[in-house]
Amino acid sequence: MMVANRRNFIFRVSIVINIAVLFYAALHLSGNNPPGVEWVQITSDGSERSAELRYSTKEESIVRNETETRTVESGVRIVEELTSQITPSTMPSTNKTTSSTASIAEVESKIAKWQDTASEAELTNETLDIVDENAVSDTTLSRLRSLLACNDKDFRPEYLQRGEYWVLKNYVRADHGDLQCHETITYTTHAGFEFLDNVQPLVERWLAPVSLAIHAPGADMTAAVNSIRYLRDCLGNELIRQYVTFHIFFSNKHIPAKIPDPNKFLATPYNCTLSPPYTNVNVSNTYMKQKSLLYPVNVARNVARDSALTHFILPSDIELYPSPNLAPRFLNMIARNAKPLNTSTNPRVFPISLFEVATNIQVPSTKTELQAMLAKKTAIPFHKYVCPYCHNIPQGEQWMNASETSQMDVFHIGKRRGKFVHWEPIFIGTHQDPHYDERLSWEGKKDKMTQGYILCVKDYDFMILNNAFLIHKPGIKRYVKDAKRDFLTSKQGSFVKNVIMPELKKLFGTKSGCAL
């Protein structure tokens, strides 16, 4: 046993020594290039690699070489130190070890510490060279993999229970297949089948994975399935097949009479001569309305986000269309890891500015286009005439006046307190962020306020993005009195105040300036 342990340990240390020697040799070989020039491996077509000369400044070369030299030399010194400490007394031949020599655990700890230090030096001292902000390069992906250190998730269909709801997770899966958690962002959203006309314009602007939870109780299941089939088969492109994963959920009191098998219905093309099942819907004829069911908006939100395969997620509403190239620009910003990303120690999310445009107006694709529309009043801040304080973003005026830039950055760090204490931001976050309270309905309003309170108490930084925005489906909303909904709003407000708020205070505590 002692001999095997010793042999295993020497083998591991020899690997470290070989790696250090290779690094050192590579460093000196790279010194044969002319000053200011370095060889870089680039991806030419996604599969083959070719070498290319890239010119850098003299100062960049000096800093990089000094950093690499210090890192390798420190590794060599540590390996030399460790090998000098390896004596028979370091092997676990007895229950005691000599205090003057290093134990195996101590040596392994030093190796791990050096590896962590080298990795950290690589992330903080090397400049990330991004050629195209609208694409995610191998260099960016490599940096994201190191920075995020996230875990990949399974992408298989499941039948799950969530309180009183059955969830058909990954009911119809996107063709993108398995994803690595760091490689993109997932737009997580929800709907009844009558809102699925928004899927195409959303995906055409997002061009990244979408996790969509559809509420389909009772007979609404048939319309939901036919809508999915139409979206995948009849729109003349592969974007929805490629990017959108559909989940179905319903209450255990309203299980559909028949649940079609996706493996069977996906094998038969839909009859595209028929009208889309989600258009010209008489909402009063849906199963949900006939049974007077409330829309479980927060169940839907949580189902969609929990099913997302990626580390970063954008939980949003299906009628909100993102600015193009938002996903790759955001990932490149994260990979650059510049200030304030590499200095802030608080938990953080990345709010996106929201706007509405008039009916029959083309949705803007750039911030510059949006600014021109704001000046003409064909675009307005989101819910300006419904609930302006709900989406009144910190430094919103300054954001609208600031010129568009070539890359995405943090425009301002806000907090959910003061005049923004009732702010309901929509943001890019992660699976670590608080969930939405599933006891709240859409009809009762203020369904995201409880999550906002938790974010405030936990002292989240709201890192507002400079060029990113979401545009609601064309048509400016105005407040319309609805006695039935006003009653539900009052009822849900009392429940939040008397039941949920005391729970949140016990679970998360209180913080000055934080309120629902």
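What follows draws every value from the coordinates through simple rules; no lab data is involved. This structure is a prediction, so every number in the text was calculated from the model and none was measured. All Cβ positions, even for glycine, are placed from backbone atoms using ideal geometry, and neighbour counts span all protein chains on display.
So here's what we get for this one:
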item: Reachable lysines from Lys376, criterion Cα separation under 23 angstrom, eight or more residues apart if same chain; result: Lys367, Lys384, Lys473, Lys477
item: Segment 370-516 - charge dipole about Cα centre, Lys and Arg +1 at Cβ, Asp and Glu -1, debye rounded to 20; result: 660
item: All Cα pairs of segment 258-404, percent lying beyond 24 Å; result: 57
item: For segment 449-472 and segment 352-406, distance of Cα centres in Å; result: 17
item: Total lysine pairs under 27 Å (Cα atoms) in segment 150-318, excluding pairs fewer than 8 apart on one chain; result: 12
item: Among Phe330, Thr430, Val386 the positive-end extreme of the charge dipole of segment 324-516 (Cβ point charges); result: Val386
item: Alpha carbon convex hull of segment 150-318, volume per residue in cubic angstrom; result: 110
item: Contour excess over end-to-end distance, with Cα ends at His435 and Ala358 and 0.36 nm allotted per residue; result: 24.5 nm
item: Rg and Dmax of segment 128-201, Cα atoms only, in Å; result: 16.6, 50
item: Cα Rg, Dmax, segment 246-310, angstrom units; result: 14.8, 37
item: Cross-link partners of Lys511 among lysines (Cα-Cα below 23 Å; sequence separation of 8 or more within a chain); result: Lys415, Lys419, Lys446, Lys448, Lys458, Lys497
item: Electrostatic dipole magnitude of segment 150-318 [Cβ: Lys, Arg +1; Asp, Glu -1; Cα centre; debye, to 20]; result: 440
item: For Ile318, residues with placed amide H under 5 Å, excluding near neighbours; result: His190
item: Whole-number Å³ per residue for the convex hull built on Cα positions in segment 326-392; result: 125
item: Interatomic Cα distance distribution for segment 356-454, bins of 5 angstrom, percent; result: 2, 10, 17, 20, 19, 16, 11, 4, 0
item: Gain in span if fully extended, Phe487 to Asn134, counting 0.36 nm per residue against the direct Cα distance; result: 122.4 nm
item: When segment 324-516 is reduced to its Cα atoms, the Kirkwood hydrodynamic radius in Å; result: 18.0
item: Mean-position separation - Cα centroids, segment 217-254 and segment 293-344, in angstrom; result: 22
